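Report on the structure given below.
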Amino acid sequence: MSQNSARAPSARTEVLGDGSTLVVVAGDWTIHDSLPTIAFKGDKVKLRADDLGSFDSSLPAWIYVHFKNVRQCDLSALPPRLQALVEMAEKATLSAGPNAPTSVLENFGTWGIDSTHSWARAFDHIGQTAVGFARTCLGRARVNWSDFTLQLQTAGVDALPIVALLGFLTGLIMAYVGLIQLRQVGATVYVANLVSLAMTREMGALMTGVIACGRTSTSFASQLGSMNVSQETDALRSLGINPVEYLAVPRILAVTLMVPLLAIFATFVGIFGGMIVACAGDLSIEQYLTQAILAIKFKSFLVGFIKSIAFGFIAAWAGCYRGSVAQRSALGVGDAATSAAVLGITLIVIADALFAVIFNLYDF
Amino acid sequence: MTAVAPVLLCEDLVVGHAGHPVMSGVNIRLSAGKILAIVGPSGCGKSTLMRVIGGLDEPMAGRSALLGTDLTTATALEREKVLRRSGFLFQGSALFSSLTLRENVELPMREFLPLPPHEVAQLAEYKLALVGLADAMDKLPSEISGGMAKRAGIARALALDPSVMFLDEPSAGLDPVTSGKLDELVLKIKESFGTTIILVSHEVPSILRIADFCVYLDSDTGTMGAYAPPKDFLSPTAYAKAHAFFTLARIS
């Protein structure tokens, strides 16, 4: 039959004497044509094919989608091949279990349960990490120390260029903004105090923590997530090796050690960045350095140092946690990496706010 | 005369995912040195059941004891001890991708055996030679074929001379010849080391060849359909569904 002689697919409904609906399909049904729409009421439907031409999967799909929730659907008047194709889909659906539509309340409940499980898993992982560290200190844990040295390199030394660049630019921007404001009151000399204090107490640690989240957390989440996908973590457990102790402890330890060092580096580079802007403007190098040294107290340095330890721990833990609970698929690994960065940065900002309150309370 | 304690004992075991039971009413009693095959349609919970009886996951209800340790009440330490006496081959082999085959096999030995490195290396070499991978010891998992990866996985599972081995679909994705060789290897391990082997498989000819007992999981009822020697499933009289499964699988 030529393409021109094909008739458009059609369907009409008719209410029968017993209250059931008769649906009559006709014409040629192909997946290239738009399909007819029908409206019907009731839970008893009888299907019939009058003058039905050729059909492909579009017709059984149309019947299946329209009548799958009808209580009584009589297909006996349809051609056997069509009947078989519809019944095959119905049987597969039945064996897959009911797929009833979910209500808003049910969705909310599911979300609540999932959230509870998610929090429980996070606290469980924190607990396991704490136990892992305690056992490591007691020399009882099985820790992959080669991972530790590798992470000192990759999370620490390899991060120097990006930390230097962002630290330098942060100091530069702060000095630039500071100069604009301080020039109005003739106090440009204090730009050195502003940059050095901000870098020491706040920005050095914060920027390094954020870099660690973007760089290291995502890397850990991908590594551990991939190990989950390929069942390598299961293999470790099957050997009687605790994956948290073996994989997470060395990574967290390495990053917790390296982030404070990177933060100190970022602080000095930031102060240097500020100096470039300040000296290009109103200050001499001597003035800038003198003011900076006067501004940085040991207490400020300690504040930044403590924060950076916490931020390093948070960044590494977020990566290890999200990686360990990653779904076993390529998408799951991607999601784990994304959520590790988001979780890490969120926790770092929350921790920073808490530190601000605590240090303020104790006048530190 | 005292009865010999079974290597594996399951009583009314219920296993599942995320709070949803998948398989219930699992009752198994398996003595040492036997091969048990777990069969059933896809998605019926074979691997889940194997993970639970192997001590990797917790059961939802019932009791499961492996090597005399009740895993339902065992502490984490007791569970780890049982795991060290077990060997696992996972579906995708689960070799550590950053380590060579030799290092993969050496890993559990380095962690748990009080041996100097050169003796660990010798043992690893022997285990890899046992599975026919003496020439590929220094290759990474990405450099070997699927069949070789399975054999390397078995070598790693054998690292600590386990009393019981769990093999998750060892023949999946392998050609008939390689699959047959793997069967021979499994039989050799059982006969030479007296290892109890529990495997999940779809390969009916392989099951008939190597398994002493077979558990058929019925996905329609979500229960254990039958537990008997696999040859019993060839007769239609006793276990109708298991017989139908075996017949269809043999034809395909």
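The values are calculated or read from the model by the stated rules, or taken from the named source; none is laboratory data. Just so we're clear, the structure is a prediction, and the values are computed from it rather than from any experiment. Glycine also receives a Cβ, built like all others from the backbone with ideal geometry; neighbour counts cover every protein chain displayed. For accessibility, only protein heavy atoms count, side chains too; no ligands or nucleic acids. Shrake-Rupley method; radii C 1.70, N 1.55, O 1.52, S 1.80 Å.
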Quiz item: Does B:Arg156 count as within 14 Å of chain A (Cβ to nearest Cβ), of a type in the set (Lys, Arg) and under 21 Å from the mean Cα position of the chain (by Cα)?
Solution: yes
Quiz item: Looking at A:Val342, A:Val303, which one is buried (at least 19 other Cβ atoms within 10 Å of the Cβ) and either assigned to a helix (DSSP H, G or I) or in the same structural domain as A:Met258 (by TED's automatic domain parsing) (or both)?
Solution: A:Val303
Self-check item: All positions within region B:81-134 that are of a type in the set (Lys, Arg) and within 19 Å of B:Ala149 (Cβ to Cβ)
Solution: B:Arg102, B:Lys127
Quiz item: Here are some conditions: (1) open to solvent by less than 10 Å² (accessible area, probe 1.4 Å); (2) within 23 Å of A:Leu247 (Cα to Cα); (3) outside the structural domain of B:Gly222 (by TED's automatic domain parsing). B:Leu128 meets all but one. Which one does it not meet?
Solution: (2)
Practice problem: Any chance you could count how many residues in region B:1-40 are touching a strand residue (DSSP E or B) at 6+ places or on another chain (Cβ under 8 Å), open to solvent by 50 Å² or more (accessible area, probe 1.4 Å), part of a strand (DSSP E or B) and not basic (Lys, Arg)? | Solution: 4
Quiz prompt | Residues located in region A:133-153, provided they are within 12 Å of chain B (Cβ to nearest Cβ) and open to solvent by less than 60 Å² (accessible area, probe 1.4 Å) | solution = A:Ala141, A:Val143, A:Asn144, A:Asp147
Exercise. Report yes if A:Gly319 is within 19 Å of A:Thr149 (Cα to Cα), touching a residue at least 24 places away in the same chain (Cβ under 8 Å) and buried (at least 22 other Cβ atoms within 10 Å of the Cβ), otherwise no.
Key: yes
Quiz item: Does region B:123-143 contain any residue that is within 11 Å of another protein chain (Cβ to nearest Cβ), under 30 Å from B:Leu9 (Cα atoms) and not aromatic (Phe, Trp, Tyr)?
Solution: no
Self-check item: Residue that is over 30 Å from B:Gly153 (Cα atoms), in the same structural domain as A:Val143 (by TED's automatic domain parsing) and within 30 Å of the chain's Cα centre (by Cα), where the choices are A:Val210, A:Val191, A:Val229, A:Val177
Solution: A:Val210
Quiz item: For B:Asp220, are the conditions met, namely being acidic (Asp, Glu), more than 17 Å from the chain's Cα centre (by Cα) and within 14 Å of chain A (Cβ to nearest Cβ)?
Solution: yes
Quiz item: Name the residues in region A:202-223 that are farther than 16 Å from A:Val259 by Cβ and either open to solvent by less than 10 Å² (accessible area, probe 1.4 Å) or of a type in the set (Lys, Arg) (or both), would you?
Solution: A:Ala221
Quiz item: How many of the residues making up region A:246-256 are within 11 Å of another protein chain (Cβ to nearest Cβ) and surrounded by fewer than 24 Cβ atoms within 10 Å (Cβ to Cβ)?
Solution: 1
Quiz item: How many of the residues in region B:88-102 are more than 9 Å from every other protein chain (Cβ to nearest Cβ) and either surrounded by fewer than 24 Cβ atoms within 10 Å (Cβ to Cβ) or of a type in the set (D, E, K, R) (or both)?
Solution: 4
Self-check item: Residues of region B:43-88 that turn out to be in contact (Cβ under 8 Å) with a residue 60 or more places away in the chain and either of a type outside the set (A, V, I, L, M, F, W, C) or in a loop (DSSP other than H, G, I, E, B) (or both), as a count
Solution: 12
Practice problem: Could you please let me know if A:Leu262 is among the hydrophobic types (A, V, I, L, M, F, W, C), open to solvent by 40 Å² or more (accessible area, probe 1.4 Å) and more than 14 Å from chain B (Cβ to nearest Cβ)? | Solution: no
Quiz item: Is it true that B:Phe112 is of a type in the set (Phe, Trp, Tyr) and in contact with a Gly (Cβ under 6 Å, 6 or more places away or on another chain)?
Solution: no
Quiz item: Filtering region A:55-88 down to residues that are farther than 19 Å from A:Gly27 by Cα and in a loop (DSSP other than H, G, I, E, B), which residue is most open to solvent (accessible area, probe 1.4 Å)?
Solution: A:Arg71
Exercise. Please work out if B:Glu111 is open to solvent by 50 Å² or more (accessible area, probe 1.4 Å) and part of a helix (DSSP H, G or I).
Key: no
Quiz item: So, in region A:38-54, of the ones that are in a loop (DSSP other than H, G, I, E, B) and in contact with a helix residue (DSSP H, G or I) (Cβ under 9 Å, 6 or more places away or on another chain), which residue ends up modelled with the lowest pLDDT?
Solution: A:Phe40
Quiz item: Consider A:Ala159 against the criteria (1) outside the structural domain of A:Val255 (by TED's automatic domain parsing); (2) modelled with pLDDT of 90 or more: it satisfies all of them except one. Which criterion is unmet?
Solution: (1)
